[in-house]
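> One structure, pasted below without further comment.
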Amino acid sequence: MPAPIVVVGGGLAAARAVSTLQDEGHDGDVVVLTAERHCPYERPPLSKDYLRGEAGRASLYPLPEDWYGQHGVDLRPGTRAMGLDPAGHSLTLSDGSALAWSRLLLATGSVPRHLSVPGSDLRGVHYLRTIDDADHLAGVLLPAALEGGGQVAVVGDGWIGLEVAASARDLGLDVTLLGRGSHPLGAAVGPELGEAFARLHEQRGVRVHRRALVTAFTHSEGQVTGVDMADGTHVEAAVVVVGIGAVPEVGLAAAAGLDLRPAAQGGGVVVDGSLRTSHPDVFAAGDIASVPSPQYGRPLRHEHWAGADSTGAHAARAMLDAADPYDVLPYFFTDQYDLGMEAIGWIEGPGGYDDVVVSGSLDDREAVAFWRRGGAVQMAMALNTWDRMPDAEELIRSRREVPREELEAFRG
Ligand code: FAD
């Protein structure tokens, strides 16, 4: 009996990998190890409808809880892989046992970056990554909303910070957003669209602080009461949510001696176009995978739902020796208030583009924005504009110089 294919991880990449193994007709044993007590789940709702109490637990599961048993997949929640021996084709598990594998997929995702200032361990200071985090946070936001208000400070103005701020405002809470840069979202989109998101939040009543350097959290008897900043400003808050980014969970891969990408190049586990790591029988997918991009001519690592979905599926096919080189453009989305956004492509932070051309109106938030470099479109973002991603992808893939007038007319 050959050893099973083992998947380490409990997010979307893991779920998509096991469903793809089934779809591809794999009839050997499959084991899924996930450190959390839950079956594999998707995280986007944790800062949106699930956090606001509008969606139930079952909506988080890409595969129903009973799917694993029904398909003969040995799902082991609450089981962490503690050690990996690639040469010996074995894992050491948190219960002390060993598990042999024939092929292994690492889909260990990310963990929140922690803010290290005085008071960061106080009661009332939250991070948001897991179902348990979301339940904990909802457990304070929802009662505060029912009681008619409460002061929330969100530290970090990236996607998760903005989404939490929007959810807290939707619940009727008093929200202050604290970001370190001159505009939200930093280098991920640049100032043009960063300011559009700042305006959205300000119009909804969020106080948006720019260049806010948090120095400490204040408290009363261990419960947070506010945030101190370097410029002497103090923001009162009964609830603080810290969303200052995430780091890929590469500990297992690193200890096993698999090749890692330097942090300056995006970090993560080095994989080839088959999502194979530096060991031929070990694959990586989702947030941890640093994947060569034929379009951009360099490896990319993304922390997006769609990347977990497509790399999870691709790695499963590759483990069955049935995959072409991975060539999917980065895609991501967000929902804030009545704004739905989706984006495709990639820009290399500050200086990674020459200009931004807008079709439609950013003020009305009905627009498609294009980031160009040398006249060629690198990334496109659609605000409350649907079904145009295939056209945007075609423009990006063409690599041609696209005149400003053509882009301005894109929405028709
Ligand atoms: P994860 O979802 O992080 O799952 C990894 C799992 O592996 C975890 O359960 C972890 O406990 C487990 N694990 C780690 N190490 C081990 C081990 N040694 N043994 C066993 N198990 C282990 N993306 C978007 O595109 N749009 C959005 O709107 C959006 N919203 C988001 C909102 C929130 C609150 C968060 C946190 C993320 C959001 N994302 C969004 C990002 C998206 O959810 C991630 O990119 C995606 O979850 C990555 O999936 P993954 O399977 O790689 O890893």
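The values are calculated or read from the model by the stated rules, or taken from the named source; none is laboratory data. In this text, all values refer to a predicted model and were calculated from it rather than measured experimentally. Positions of Cβ are generated from backbone atoms using ideal geometry, with glycine treated the same way; all protein chains shown enter the neighbour counts. Each accessible area value is taken on the protein alone, full model and side chains, heavy atoms only, with ligands, DNA and RNA left out. Shrake-Rupley method; radii C 1.70, N 1.55, O 1.52, S 1.80 Å.
> Starting from the Cα gyration tensor of segment 297-361, take the square roots of the eigenvalues, sort them a ≥ b ≥ c, and report rounded, prolate or oblate (rounded when a/c is under 1.5, otherwise prolate if a/b is larger than b/c, else oblate).
oblate
> Looking at segment 200-254 from every direction and averaging, what is the projected area of its Cα convex hull in nm²?
The directionally averaged projection comes out at 6.4 nm².
> To continue, here is another question. Roughly what % of Cα-Cα distances in segment 1-110 sit above 25 Å, to the whole percent?
The calculated P(r) of segment 1-110 puts 22 percent of pairs beyond 25 Å.
> Okay, next question. Enter the accessible area per residue of segment 125-244 (Å², integer; probe 1.4 Å; all protein chains in place).
For segment 125-244, the per-residue accessible area is 39 Å².
> Shifting gears a bit: Roughly what % of Cα-Cα distances in the chain sit above 42 Å, to the whole percent?
Every Cα pair in the chain considered, those over 42 Å come to 15 percent.
> Only sites in a loop by DSSP and with at most 11 other Cβ atoms within 10 Å count here; which chymotrypsin sites (Phe, Trp or Tyr not before Pro) in segment 261-318 make the cut?
Taking segment 261-318 and a limit of 11 other Cβ atoms within 10 Å, no loop chymotrypsin sites (Phe, Trp or Tyr not before Pro) are found.
> While we're looking at this one, here's another question. By accessible area of protein heavy atoms, probe 1.4 Å, what ranking do 108, 92 get, highest first?
92, 108
> P(r) of segment 125-244 in 5 Å steps, Cα pairs, percent per bin?
Once binned at 5 Å, the Cα pair distances of segment 125-244 give 2, 12, 23, 24, 21, 13, 4, 1, 0.
> Rounded, prolate or oblate, given the Cα gyration tensor of segment 59-191, with a/c below 1.5 counting as rounded?
Because a/c hits 1.5 or more and a/b exceeds b/c, segment 59-191 counts as prolate.
> What's the longest bit of the chain with no exposed GluC sites (Glu not before Pro), using DSSP loop states and at most 16 other Cβ atoms within 10 Å as the test?
222-347
> Please say if segment 1-49 is rounded, prolate or oblate, where rounded means a/c under 1.5 for a ≥ b ≥ c the square roots of the C-alpha gyration tensor eigenvalues, and otherwise the choice is prolate for a/b larger than b/c and oblate otherwise?
The shape class here is oblate.
> Could you compute how much accessible surface residue 353 exposes when probed at 1.4 Å, giving the result in Å² to the nearest 10?
40
> Sticking with this one: Which values of log₁₀ I(q)/I(0), to two decimal places, follow from the Debye formula for segment 338-408 at q = 0.16, 0.21, 0.28 Å⁻¹ with a uniform point scatterer at every Cα?
Results for segment 338-408 at q = 0.16, 0.21, 0.28 Å⁻¹ read -0.49, -0.84, -1.37.
> Ignoring ligands, DNA and RNA, please state the percent of accessible area on the chain from carbon and sulfur, probe 1.4 Å.
48
> Near the amide H of residue 103, under 5 Å away, which other amide H atoms are found, from residues 5 or more places off or on another chain, if H is placed in the peptide plane?
Placed amide hydrogens put 5, 6 under 5 Å from residue 103.
> Let me ask you something else. For segment 234-344, what are Rg and Dmax over the alpha carbons, in angstrom?
Using the Cα atoms of segment 234-344, the pair Rg, Dmax is 16.4, 57 Å.
> A further question on this structure: Can you give the % of DSSP beta bridges in the chain that are antiparallel, to the nearest 5?
60
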